[in-house]
Every structure is written in structure tokens, then in C-alpha cells.
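Enquirer: Provided herewith is a single structure, encoded as C-alpha cells, for subsequent inquiry.
The values are calculated or read from the model by the stated rules, or taken from the named source; none is laboratory data. As the structure is a prediction and not an experimental result, all values here were calculated from the model. Positions of Cβ are backbone-derived with ideal geometry, glycine not excepted, and every protein chain shown enters the neighbour counts. Side chains included, ligands, DNA and RNA excluded: accessible areas come from the protein's heavy atoms. Shrake-Rupley method; radii C 1.70, N 1.55, O 1.52, S 1.80 Å.
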Amino acid sequence: MSSVSKQNKKSQQEKSRTTALSVKWARRREVALEVLRNPLTVIGLVIIFLFLMMAAFAPLLVEPNQPDPYQSPRDWSNIDAAPGVAGHILGTDSTGGDVLYGIIWGSRLSLQLSLTVVLFTLIFGTIVGSIAAMRGGKLDNLLMRIVDVFLSIPELIFALAIAAVLGPDFSNIILALAAVFWVKYARIIRGEIIRVKQADYVAAAKVVGDSQWNIYRKDVLPNAATPLIVQATLDMGNVVLIGATLSFIGLAQAGLTEWGALVSNGQSGLLAGEWWVSTFAGLAIVLWALAFNLVGDGLRDVLDPKTEGR
Amino acid sequence: MSGTTGSLAANYGVETDAVVSLNDIKVHYPVKEGVLQRVAGQVRAVDGVDLTIPKGKTLGLVGESGCGKTTLGRVIAGLVSPTSGDIWMDLTVEQQRDVQRLRNQNEKDFSEQDRQLWKQLTTGNRLGSMSREKQREYRRNCQVVFQDAFSSLNPRQLVRDIVGRPLRVHQEASGEDLNRKVIELLERVGLGAEHMLRYPHQFSGGQRQRISIARALALNPAFVILDEPTSALDVSVQAQILNLLVELQADMGLTYLFITHDLGVVQHMSDNIAVMYLGQIVEYGPTDQVFDNPLHPYSKILRDSNPSLEGKRSDRDWELSGTVPNPIEPPHGCRLHPRCPVAAAGCGWSVDDVLNSAEEKTPIIFETITTVERRDDFNAEVKFRDAEAAKSFATQVKSSVANLALDRPPELKGESVKLSFNEVPDASIQQIQDGRWTSCTRTQELGALPGFEKDKG
């Protein structure tokens, strides 16, 4: 008898454990559905998905160039060909490089650039900002003064200076952008944490005797992270734009198929009426940035504490 | 002990064992100024509080907002560390007496026996110097219910995780055991298992406060600090929560520190009451007696300002004048005297009081002051732009209560007025009847609250 009831109890317990999990997932699904209710956000998500697919399946879409797939194949007989001429759907640039090939294979580098930079800056900025806000006092002062120094130099000029010093290389552009972008995240998260730390639930956790790390992990970070996520989606586009500017100025490796480099190569032909190189590459950048802006807007609406929990 | 005036370090409620005793607790916040962050002064949020919280009873701590009652609660909860003073846990009557006796002595003059005793007390019962395990035990034993049930529950945690958190932290339960205990706690506060897997925003204010109480009770504490637990709730819900608290106290033998500005609630809830004003405790005593016969003008005014359903109000004339003084430089003597309806000569008048009152009542005269040369807080020469203003200032001083505190009449010399007040020590809280303590110096002299003559200046 007792073993039966025990069994019963056990299955009940099993059930409540799974329900706790499913409640958390249900809430996440709720948020996801809320995001999907906004058509603009959905458009953004679709664009991002298509771009990622394009980057992932580039070899299936276009035959990779030998030996280096990140250099456009040169069609020396069709230099500056207009779109549609001789099988070049989007035309060719001044060295006979196919623009469509450049955009498809270039997406690999451009998307890699934005994802790496944003992920790195998000993590690094969060760590620095969190340490400053949680520790406070002199350390906070020191870290924030360093952040101020970084913030006082205009983004583009700073990235340019770093890239110029490190030399024209793609990975140096990533480094330069990361060095510029992390400070924003440090500032945002610090401000948010200082705000959240005032809340009574943080005091309640202290009274209960929980460790500072647990309080940070369970109470502070989840309630401070929303603006960071929104900022990150917005920066996905920004990074490609500034990265494009750097390669536009010529700080990327010569001849690399990267969106910014394509725009840069095409600009000399613009005055001669050869509009297609810069335009199509520029369009790709704008679309990528726009897609993340749309998603960022949608996320902000859903995650805003004021509209949350209706 | 009864009937005598207390020693310098007061400890009320010494007749019973105490869950917490406070000795001369001060919380001062530095006010920083300018680029160099120079310390310009100290905000004295809590300024020398002695308090004993008797075991198994409810102590009401009342006062208007900004008087430091919440800060004091946070000091006891360990959320704010005091600038100075000692916090003792779990002292018996004997130990409380020992602490009082030894605190009034110089540590160098201790006998060998006393030295041993002091060491034993400080390592065993004093917060900060006792062992880590003891400290942890104190934290477990002392829980808090916060005022705002909306901001005291993490919006991103399930009720199960909120209520079960103390159990997890102290490794009391995990997994299914935790769920079972959480359900038990929820049922105890009038909620049920079905509420376990919901988020705080899905509850009403009263229910949230119940969750908050369940969390506070999770570790089976002996002592709960209730920081205005009902002030954010509707009146009907207030009553439910208060009744729940009373029930829980009877069931679990809890000790409460009930912090509130609502005297009706405190009268309903507490055995003893401590009235706080501007960082200090001005009156302490059994609740009924304090309500029937307050021994401090401030307590009386607080009591009478509470609107009653019958609409009758006794002694309309007892009112506080002016505004709450600056806690950076609190008044001398009794801190209430600039606002007190029965203030007299010996209440601690000083130059600042006269200047403040001039600023409030006659700003035109106040603005003609050119310099104030002060020798100290009680002696100063106030200079005006013209003789006329000086004259009317002197007249004004002469017609106020402060005039009685001058050791000679204000010296009017052309454009300046010389003021010289009798220096008065700061008021201290003393026992004037059995179990009744007050810091009102006039009550201390008269043995009863001074009468109010309506036609007085």
C-alpha cells in the first residue's frame, strides 16, 4: 500500500518538475510569439535567415574560385560589364570581378565580422560594466574613466587609427571594431545594474544570505540585460557599416570580396555611370543592417518592462 | 530599577530576553561636495539609537517618513552597516545587564573576570565580532518583509524559486523536497500549490505580500522585521495581512519588529512601541500606555493627527510648526524643540533656530542679513544691511520662545544684533516611570507631559 502511494507521489513529483520546466518554456514561447506578431520583425528575421543561409551555402550557389574563394574570379574580357552582360547577372567591377559572386562570398566575411564583433563586445562590455557596478567605489571610478577615454574619441576615427596601426588585414578590422564598440555595452550594463541593485528583491536575496555571484546571476543580470540585447541587435548592422567604411578607405586586404570592399571598388566607376558595383553591395549592407534594426525594435517593444507582464 | 532615571545608555525592555539589542547605533552618510568630493557634512539618518527587541513580542517602530526608521530596520537586517554602535543577538536578561555595565566602563579598567566575560559576549553575541557560523545563524534567524511587494519579488523568477530560495541557499531542501516545502509555506500564508508555478506579475498586491511573507518564513526564523508591510495595500487587504501576521506569530512564536507610520496599525499589532524622530528614539513604552498617556509631545501629536472614524479630535492646538529640520545639522538639546508646541527655555535653543525661524516667517528681514559671525552654535553676532531690520529682528527674537533661553537680552548695536544663548546638552532618553522612557526634557523634569497654554508666544 505504502509503496503504491510512494510510487504515486513520485510520479506526481516527476510531473511537477516537468511542469516547472514547461512553465519557463511557455513563458519563453509567449515572448517569442509576441515578437512574431509584429510583421516588421518577422521581415527582419526572414532577411537575417536568408543572409545566413546564403553565407552557409555559398559553395552551392556559386562555384568557389580557385585557389582563393575570397577573391572574385576575373573575367578580363568583360571589365565593367553592365548587369546582365555575358552571364554576369549583377555586372562586373573594374577588374572583371563578378559582383554577384562578390556579394555571395563576401557575405561570409561580412556576417562573420558583425557576429564576431558584437558577440565579443557584448561579453567583454558586460564583464567590465558588471564588475564596475557590482564592486563600486574606486574600481568603478577607474573603469569608467577608462571607458570615458574610449568614448571621447569618435568611433570611426578610433577604429581607423587602430586598423591603420595594425595594418590592412581582415582580422585587424575585427579587432579595431571590437576595441571601439565594447565601451558602449560597459556603460549601458553598468547603469542598468546600478538601477536594479536598488530593487528590494536584491535586498531580499541578501537577507536570505545568498552569495553575491548568485544575486548577480539570478536577480541582477536577468533584470538588467534587456537594453543590452536591443543594443546588440542594432550594432549588428552598425558594425558592418563601419567595417565597410574601413574597407572602403582601403584598410582591408586588396582584392578581398567583402561588401565594404566592393562598395569601395565600385566608387571610382560611379561617375562614369557604372553604378552597379557600389549599389548592389551597398544594398546588401543596408538590408543586413535594416533587418537587425527591425528585429531590435520588435524586441525592445516586447522586452520593455512597462509592457511586460500584462 | 523602577522609578529611577535611567543610565546614560538606555536599554528598554531589559526585563525580558532579547532577540536583538542595539547599542548607540549611528548611521551617518557623508555629504560630498564639489569636484574633489570633499566631505561637507554628515546626514545623520540614525543618530544614537539604543533599542532592545524583546523575544516573542511585537515592537512597533513609528515615525514620519525620513526619520530613519527604515534605515534602522535595514541595519538590524544587516543590509546597512552602521557607522558606529553594536548589535547584539540573543541576549538573556543577565547578559543584557552585563553588556550595559561593561559598555559604561573603560575596557582598560576591566577586572580579569570582566575581561573574560566581555570576550565571551563579543565573540558569542556581537554582530561583526562573532564567528561566521553564528553570523550565518543570525542571518537565518532574522528575516525581512519589505514594504513594496512589487519590487521585493524578482519579476523573472517563479514563485517556487522565490519562496524556495532561502531553502536552497541554506541547503535545507532541493528538488522534490523543496517543492513540498514550498507548497507547505504557501498554504501557511493562505495560498496554494497551484500558485507555485506562476510569476509575480500574475498576483494581486495582497497575494504578493503573502508570497513575501512565505519567503521570510521559509527558514523558520525567530525574528521578522516587517518594514511597512501593509502601507501599499488597500484597507480591506491590510486587515487580512495583519491578521495573518498575528496568526503566524501565535503559531510560530515569532518576534516582530513592526516598522510603520500608521499608528492605527501599530496599536493593533504591537506590545511595545518606540517613537522615532529625526534619527533618535524619543519615546518608548507599552503600546496602550503610550497611546493613553504619551510622555513626549511628538508622540501625542502623532497620535492625535491620526484621523478617526468618529471624527473627534482632542487637543487641536497641539500641532507641529515649521518643517522637518535638516538632518545634517539637527537642533541642539531636544530635536523637536523648534517645532514643539510646549517648548520652553531649557529645550536647547541656539542661533540656528532663530535664523531658521526668521527665514521661514519673515524672509524680508532674513534677506537683509549680511553676515553672521558665530563664536559657537550658541553665541553669534548677526549683522544686517540697516538698523531698521536689525531692530525688527531683535523684536522678533524677544517675542519668541527662544527669548527665554537667552542668558541676556539681544544686544542691539546699530546694524548688528548680538545673541547669547544658554548652552544646553543634547537630550537623552530616560526612564521616568516604570517601563516608560522619554527624551522630552520637560517631561523628565515634571514627571508628566507639560500642559499646553494656548496664549503662549
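Enquirer: Would you check which residues across region B:175-198 are open to solvent by 20 Å² or more (accessible area, probe 1.4 Å) and not in a helix (DSSP H, G or I) and list them?
Expert: Once the filter is applied, which keeps residues that are open to solvent by 20 Å² or more (accessible area, probe 1.4 Å) and not in a helix (DSSP H, G or I), region B:175-198 yields B:190, B:197, B:198.
Enquirer: Right, something else. Output the residues belonging to region A:49-69 that are open to solvent by less than 60 Å² (accessible area, probe 1.4 Å) and not acidic (Asp, Glu).
Expert: First, the residues of region A:49-69 that are open to solvent by less than 60 Å² (accessible area, probe 1.4 Å): A:51, A:54-56, A:58-59, A:62, A:64-65, A:68-69.
Answer for region A:49-69, where residues must be open to solvent by less than 60 Å² (accessible area, probe 1.4 Å) and not acidic (Asp, Glu): A:51, A:54, A:55, A:56, A:58, A:59, A:62, A:64, A:65, A:69.
Enquirer: Six or more apart or on different chains, Cβ atoms under 8 Å: show the pairs whose first residue is in region B:29-41 and in contact (Cβ under 8 Å) with a residue 24 or more places away in the chain and whose second is outside any strand (DSSP E or B).
Expert: Within 8 Å, the pairs are B:31/B:328; B:41/B:328; B:41/B:329.
Enquirer: What helices (runs of 4 or more DSSP H), lying completely within region A:80-191, carry at least 1 residues that are farther than 21 Å from residue A:243 by Cβ and among the β-branched types (Val, Ile, Thr)?
Expert: Helices (runs of 4 or more DSSP H) meeting the threshold: A:99-135, A:137-152.
Enquirer: Examine region B:280-287 for a residue that is at pLDDT 90 or above and of a type in the set (A, V, I, L, M, F, W, C), and state whether such a residue exists.
Expert: Checking region B:280-287: at least one residue is at pLDDT 90 or above and of a type in the set (A, V, I, L, M, F, W, C).
Enquirer: Ok, one more. Taking the conditions exactly as written (in a helix (DSSP H, G or I) and either acidic (Asp, Glu) or away from every other protein chain (no Cβ under 14 Å) (or both)), does residue B:70 satisfy them or not? Step through it out loud before you land on a result.
Expert: Values: in a helix (DSSP H, G or I): yes; either acidic (Asp, Glu) or away from every other protein chain (no Cβ under 14 Å) (or both): no.
So residue B:70 fails the test.
Enquirer: When only residues in region B:424-452 that are assigned to a loop (DSSP other than H, G, I, E, B) and among the hydroxyl-bearing types (Ser, Thr, Tyr) count, which is surrounded by the most Cβ atoms within 10 Å (Cβ to Cβ)?
Expert: From region B:424-452, those assigned to a loop (DSSP other than H, G, I, E, B) are B:424-429, B:434-435, B:439-440, B:447-452; that's our starting set.
Checking the rest, the ones that are also among the hydroxyl-bearing types (Ser, Thr, Tyr) come to B:428, B:439.
Details: B:428: 18, B:439: 25.
Per the stated criteria, the residue is B:439.
Enquirer: What residue, among those in region B:135-156 that are assigned to a loop (DSSP other than H, G, I, E, B) and more than 7 Å from every other protein chain (Cβ to nearest Cβ), is most open to solvent (accessible area, probe 1.4 Å)? It would help to see each step written out before you state the result.
Expert: As a first pass, look at region B:135-156 and keep what is assigned to a loop (DSSP other than H, G, I, E, B): B:146-156.
Next, only the ones that are more than 7 Å from every other protein chain (Cβ to nearest Cβ) stay: B:147, B:149-150.
Working: B:147: 75, B:149: 6, B:150: 124 Å².
Looking at the filtered set, the residue picked out is B:150.
Enquirer: Turning to a different aspect of this structure: If a residue has to be surrounded by fewer than 19 Cβ atoms within 10 Å (Cβ to Cβ) and free of Cβ contacts under 8 Å to residues at least 24 places away in the same chain to count, how many in region B:318-337 make the cut?
Expert: Looking only at that region, the number is 4.
Enquirer: Among the residues of region B:408-423, what is the count of those that are open to solvent by less than 30 Å² (accessible area, probe 1.4 Å) and in contact with a helix residue (DSSP H, G or I) (Cβ under 7 Å, 6 or more places away or on another chain)? Break it down into steps so the answer makes sense when it comes.
Expert: Of all residues in region B:408-423, those open to solvent by less than 30 Å² (accessible area, probe 1.4 Å) come to B:410, B:416-417, B:419-421.
Within this subset, residues satisfying the condition of being in contact with a helix residue (DSSP H, G or I) (Cβ under 7 Å, 6 or more places away or on another chain) are B:410, B:416-417, B:419, B:421.
Summing the residues that are open to solvent by less than 30 Å² (accessible area, probe 1.4 Å) and in contact with a helix residue (DSSP H, G or I) (Cβ under 7 Å, 6 or more places away or on another chain) in region B:408-423 gives 5.
Enquirer: Could you grab the pairs with beta carbons closer than 6 Å, sequence gap of 6+ or different chains, first residue in region A:200-214 and more than 7 Å from chain B (Cβ to nearest Cβ) and under 20 Å from residue B:133 (Cα atoms), second one open to solvent by less than 20 Å² (accessible area, probe 1.4 Å) and outside any helix (DSSP H, G or I)?
Expert: Final answer for the pair search is none.
Enquirer: Among all residue pairs at least 6 apart or on different chains, which show Cβ distances below 9 Å where the first residue, located in region A:237-253, is within 20 Å of residue A:287 (Cβ to Cβ) and the second is open to solvent by 40 Å² or more (accessible area, probe 1.4 Å) and at pLDDT below 75?
Expert: A:247/A:253
Enquirer: While we're looking at this one, here's another question. What is the residue count in region B:382-395 for residues that are open to solvent by 40 Å² or more (accessible area, probe 1.4 Å) and under 16 Å from residue B:366 (Cβ atoms)?
Expert: Of the residues in region B:382-395, 7 are open to solvent by 40 Å² or more (accessible area, probe 1.4 Å) and under 16 Å from residue B:366 (Cβ atoms).
Enquirer: When you scan region B:338-418 for helices (runs of 4 or more DSSP H) that lie fully inside it, which ones turn up with 1 or more residues that are touching a residue at least 60 places away in the same chain (Cβ under 8 Å)? Show your work before the answer.
Expert: On the way: elements: B:351-361, B:363-366, B:387-399.
Of the helices (runs of 4 or more DSSP H) lying wholly inside region B:338-418, those with at least 1 residues that are touching a residue at least 60 places away in the same chain (Cβ under 8 Å) span B:351-361.
Enquirer: Can you name the residue in region B:18-50 that is among the acidic types (Asp, Glu) and modelled with pLDDT of 85 or more and, of all such residues, is nearest to residue B:325 (Cα to Cα)? Can you show your working first?
Expert: First, the residues of region B:18-50 that are among the acidic types (Asp, Glu): B:24, B:33, B:47, B:50.
Still in the running and modelled with pLDDT of 85 or more: B:24, B:47, B:50.
Working: B:24: 22, B:47: 14, B:50: 22 Å.
Going through the qualifying residues, I end up with B:47.
Enquirer: If residue B:172 passes every condition in (1) among the charged types (D, E, K, R); (2) assigned to a helix (DSSP H, G or I); (3) more than 7 Å from chain A (Cβ to nearest Cβ) but one, which one does it miss?
Expert: Among (1) among the charged types (D, E, K, R); (2) assigned to a helix (DSSP H, G or I); (3) more than 7 Å from chain A (Cβ to nearest Cβ), the lone unmet condition for residue B:172 is (2).
Enquirer: How many residues does region A:223-251 contain that are part of a helix (DSSP H, G or I), away from chain B (no Cβ under 14 Å) and open to solvent by 30 Å² or more (accessible area, probe 1.4 Å)?
Expert: In the first step, residues of region A:223-251 are kept if they are part of a helix (DSSP H, G or I); the result is A:223-224, A:226-249.
Imposing the further condition that a residue be away from chain B (no Cβ under 14 Å) reduces the set to A:227-228, A:230-249.
Checking the rest, the ones that are also open to solvent by 30 Å² or more (accessible area, probe 1.4 Å) come to A:227, A:231, A:234, A:238, A:241, A:245, A:248-249.
Selection size over region A:223-251: 8.
Enquirer: Additional query: Which one of these does residue A:31 not meet: (1) at pLDDT below 85; (2) buried (at least 17 other Cβ atoms within 10 Å of the Cβ)?
Expert: (2)
Enquirer: Quickly run through region B:157-169 and pick out the residues that are hydrophobic (A, V, I, L, M, F, W, C) and either more than 9 Å from chain A (Cβ to nearest Cβ) or in contact (Cβ under 8 Å) with a residue 24 or more places away in the chain (or both). Show your work before the answer.
Expert: Going through region B:157-169, the residues hydrophobic (A, V, I, L, M, F, W, C) turn out to be B:158-159, B:162-163, B:167, B:169.
Once the filter is applied, which keeps residues that are hydrophobic (A, V, I, L, M, F, W, C) and either more than 9 Å from chain A (Cβ to nearest Cβ) or in contact (Cβ under 8 Å) with a residue 24 or more places away in the chain (or both), region B:157-169 yields B:158, B:159, B:162, B:163, B:167.
Enquirer: Here's another thing I want to ask about it. Checking residue B:129 against (1) in a loop (DSSP other than H, G, I, E, B); (2) within 14 Å of another protein chain (Cβ to nearest Cβ); (3) open to solvent by 40 Å² or more (accessible area, probe 1.4 Å); (4) in contact with a Ser or Thr (Cβ under 9 Å, 6 or more places away or on another chain), only one condition comes out false. Which one?
Expert: (2)
Enquirer: Ok, one more. Please verify whether residue B:115 is open to solvent by 20 Å² or more (accessible area, probe 1.4 Å), facing chain A (nearest Cβ under 10 Å), farther than 17 Å from residue B:85 by Cβ and part of a helix (DSSP H, G or I), treating the condition exactly as stated.
Expert: Values: open to solvent by 20 Å² or more (accessible area, probe 1.4 Å): yes; facing chain A (nearest Cβ under 10 Å): no; farther than 17 Å from residue B:85 by Cβ: yes; part of a helix (DSSP H, G or I): yes.
No; evaluated as a whole, the condition is false for this residue.
Enquirer: Criterion first (modelled with pLDDT of 90 or more and part of a helix (DSSP H, G or I)) does residue A:203 satisfy it?
Expert: In short, yes.
Enquirer: Going by the structure shown, is residue B:144 free of Cβ contacts under 8 Å to residues at least 60 places away in the same chain and farther than 20 Å from residue B:84 by Cβ? So that I can check it myself, show each step before the final result.
Expert: Working: free of Cβ contacts under 8 Å to residues at least 60 places away in the same chain: no; farther than 20 Å from residue B:84 by Cβ: yes.
No, not satisfied.
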